[in-house]
Amino acid sequence: MRRSMIGRRTFLKVTGVAGGTAMLCPAQVLAQGLEEGDAQQPVLLLEAREVDVPLLGADEPLTPAWAYNGMVPGPEIRVKAGEMVQARLFNRLPVPTSIHWHGMRIENEMDGAAGLTQEPVGAGESFDYAFVAPDPGTYWYHAHMRSELQVARGLYGPLIVEGDDPGEMRDVTLMLDDWRLNEEGRIDEASFGSLQDAGHAGRLGNWVTVNGVSAPVFEAAPGERLRLRLISAANARIFHLALAGSDADATPVPAEVIALDGAAVEDPVPLEAPLTLAPAQRVDLMLLAPREGSVALRATDGGTEVTIASIDIVGEAVAAPAAVPLEPPVMAEPDLRSAKLVDLIMDGGAMGRMRGAKVGADVLDMRDLVEQGLVWAMNGRSDMPEEPLFEVEAGETVILNLINRTRWPHAVHLHGHHFKVLGGSDPLSEGAWRDTVLVEPERTANIVLVADKEGRWLLHCHMLEHQAAGMATWFKVG
Ligand code: C2O
Ligand code: CU
């Protein structure tokens with residue numbers, strides 16, 4: 001990570017409670033909520049409010065943030081596939097907000113895209129979300145109103161959907177974030193809205209947390225089977241990750257990629273470092289704990305390498321049972337022959353070739369765009385257009401060519417649908433179902449989806465400053 005006055009703290013370990021994580025067992029999560037109506041389906045209360053959190057470490061000053069239920073990340077929601085999630089967002093923030101259930105294939109009205117699928121939830125107001133969690137896997141929820149500000153302040157949490165028992169494993173959720181803190185260790189608000197950031201890589205931070213703390217330490221028994229659920233809540237940083245042993249050479253620890261963006265991969269892939277985790281993406285890893293020492297999750301960036309979380313090997317050795325493969329997701333098979341072809345051309349940004357773009361009925365030159373805080377365009381438009389990018393009947397197959405004509409990578413996310421990556425610049429994703437794909441500069445990723453959920457769905461770059469500065473559009477199904 002970038003060297004900074006506080007960068008050294010990423011090396012410090014948080015002592016005490018393993019992981020310092022805000023993980024709750026389901027019973028606790030539900031007990032926090034309101035019991036209402038059907039006693040089988042208690043409502044989880046998610047209260048969005050300002051709170052001071054221990055981002056810097058146990059004995060350091062607290063950092064004012066925005067969070068769900070007073071903690072960053074918000075409570076881990078854990079249900080079984082096919083079960084209902086019922087959550088009441090209560091907005092105690094001074095501004096409107098909403099919650100998006102990232103990666104969940106649910107009804108459009110529950111998608112939480114403020115301004116498109118629901119009205120923003122005003123200060124002091126509440127909104128009830130209820131949906132069936134269709135697919136097992138690792139998901140997350142986050143604010144979806146001015147996300148570049150609200151997610152940066154801490155409004156996110158993990159959402160885990162359990163499938164059939166995948167065998168005995170220690171299940172560890174690792175929610176990564178990259179904060180930009182100022183000299184006082186507070187969230188750098190002065191640089192919110194920076195066009196410099198928006199036109200480049202987005203808001204890169206200087207302080208990495210996992211589950212809201214710096215370099216947490218977890219524990220596992222020798223030989224124990226582990227499932228690490230990596231989730232990135234970073235605004236813009238693309239993490240490059242590796243697992244290293246505690247021997248002098250920091251020998252790579254073998255692991256397998258078993259799921260991407262929630263969906264189990266057809267065949268587990270041996271982990272090859274560096275593993276790319278773009279904003280909003282998830283990667284599930286499976287590994288066997290070594291006999292002794294520890295396993296470090298390391299982030300490499302521009303020549304520096306830091307441990308962002310680690311697992312200490314303690315206690316009696318266990319003989320892990322054989323791994324039970326995860327069920328691949330049940331998705332409608334795309335019909336490539338009858339597919340509708342759609343190009344999505346991304347333009348703009350620093351060092352780009354864009355000369356202007358449409359906003360409403362007007363064609364604006366770069367200077368006028370910049371005045372409105374816009375520096376990117378999708379298919380020649382920098383605003384959220386009146387007309388959808390494409391419109392199809394429910395069940396139609398769409399091949400989307402994500403054409404990146406810029407000098408910057410973009411993490412393209414579709415709401416409400418998973419897509420299969422046909423080709424692109426990321427070999428790990430090829431052939432896999434994802435909901436967020438990284439498209440490298442000057443490259444094209446080809447994806448295919450079966451547009452089977454009716455409604456108005458967002459499609460945007462999940463580098464949140466890019467989204468705010470022109471990289472958002474939508475598509476209509478049904
Ligand atoms: Cu993770 Cu439009 O969102
Ligand atoms: Cu982008």
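Values in this text are rule-based calculations from the coordinates and carry no lab data. Nothing here was measured: the structure is a model prediction, and the numbers come from that model. With ideal geometry, Cβ positions are generated from the backbone for all residues, glycine too; neighbour counts draw on all protein chains shown.
When +1 charges are put on Lys and Arg Cβ atoms and -1 charges on Asp and Glu Cβ atoms, the dipole computed for the chain relative to its Cα centre reaches about 1120 debye.
The alpha carbons of the stretch 108-231 give a radius of gyration and a Dmax of 17.9, 51 Å, in that order.
Farthest toward the positive end of the dipole of the chain, out of PRO61, THR173, THR138, is the Cα of PRO61, where the dipole comes from beta carbon charges about the Cα centre. Dipole of the stretch 119-176, Cα-centred, from +1 at each Lys and Arg C-beta and -1 at each Asp and Glu C-beta, to the nearest 20 debye? Using only the charged Cβ atoms, the result is roughly 400 debye.
Contact order for the stretch 271-363, expressed relative to its length and based on alpha carbon pairs under 8 Å spaced 6+ residues apart, stands at 15 percent. The sum of -39500 (n - 2.57) across all DSSP H runs of n ≥ 4, divided by the residue count of the chain, sets its helix-only mean residue ellipticity at 222 nm to -1000 deg cm²/dmol. Sorted on the mean count of surrounding Cβ atoms within 10 Å across their residues, most packed first, peptides 362-370, 115-123, 413-421, 446-454 read 413-421, 446-454, 115-123, 362-370. The P(r) of the stretch 193-244 has a tail past 13 Å containing 72 percent of all C-alpha pairs.
Each Cα pair under 8 Å and six or more residues apart adds its sequence gap; the mean of these over the residue count of the stretch 279-325 is a relative contact order of 31 percent.
Computing Rg and the Kirkwood Rh from the Cα coordinates of the stretch 270-410 gives a ratio, Rg/Rh, of 1.13. Assuming a viscosity of 0.890 mPa s and a temperature of 25 °C, what translational diffusion coefficient in µm² per second does Stokes-Einstein assign to the stretch 104-166, Rh being the Kirkwood radius over Cα pairs? The diffusion coefficient I find is 185 µm²/s. Distance from the alpha carbon centroid of the stretch 64-98 to that of the stretch 450-478 works out to 22 angstrom.
If you take the Cα Rg of the stretch 347-424 and divide it by 2.2 N^0.38 Å, with N the number of residues, what do you get?
1.25
Using θ = phi - 60° in the Karplus curve 6.51 cos²θ - 1.76 cosθ + 1.60, the 3J(HN,Hα) couplings for the stretch 407-416 round to 8, 10, x, 9, 9, 7, 10, 10, 7, x Hz; x is entered for Gly and Pro. Each 20 Å bin from 0 upward holds the following percent of the Cα-Cα pairs of the chain: 25, 60, 15, 0.
Each of VAL370 and LEU62 was given a label point 7 Å from its Cα along the Cα-to-Cβ line. The distance between the two points is 4.2 nm. For the stretch 327-478, the share of alpha carbon pairs falling in successive 10 Å distance bins from zero is 12, 42, 33, 12, 1, 0 percent. Counting only the Cα atoms, the stretch 36-133 fills a convex hull of 123 Å³ per residue.
Near VAL437: Cβ cut-off under 14 Å, other residues only, Lys/Arg at +1 and Asp/Glu at -1. The net charge is -1.
Site pair ASP343 and GLU119 shows an inter-label distance of 4.1 nm when each label is modelled 7 Å from Cα along Cα→Cβ. Let me know the shape class of the stretch 374-460, please: from the alpha-carbon gyration tensor, a ≥ b ≥ c as square roots of the eigenvalues, rounded when a/c is under 1.5, otherwise prolate if a/b is greater than b/c, or oblate. The shape class here is oblate. Annotation for the stretch 131-162 versus the stretch 166-242: alpha-carbon center distance of 14 Å.
Basic side chains Lys and Arg get +1 at the Cβ, acidic Asp and Glu get -1 at the Cβ, and with that the dipole of the stretch 209-265 about its Cα centre reaches some 240 debye. Sequence-distant contacts, meaning Cα pairs under 8 Å at least 6 residues apart, place the relative contact order of the stretch 103-241 at 25 percent. In the stretch 241-349 the Cα-Cα distances spread across 5 Å bins starting at 0 as 2, 9, 15, 16, 17, 14, 10, 6, 5, 3, 2, 0 percent of all pairs.
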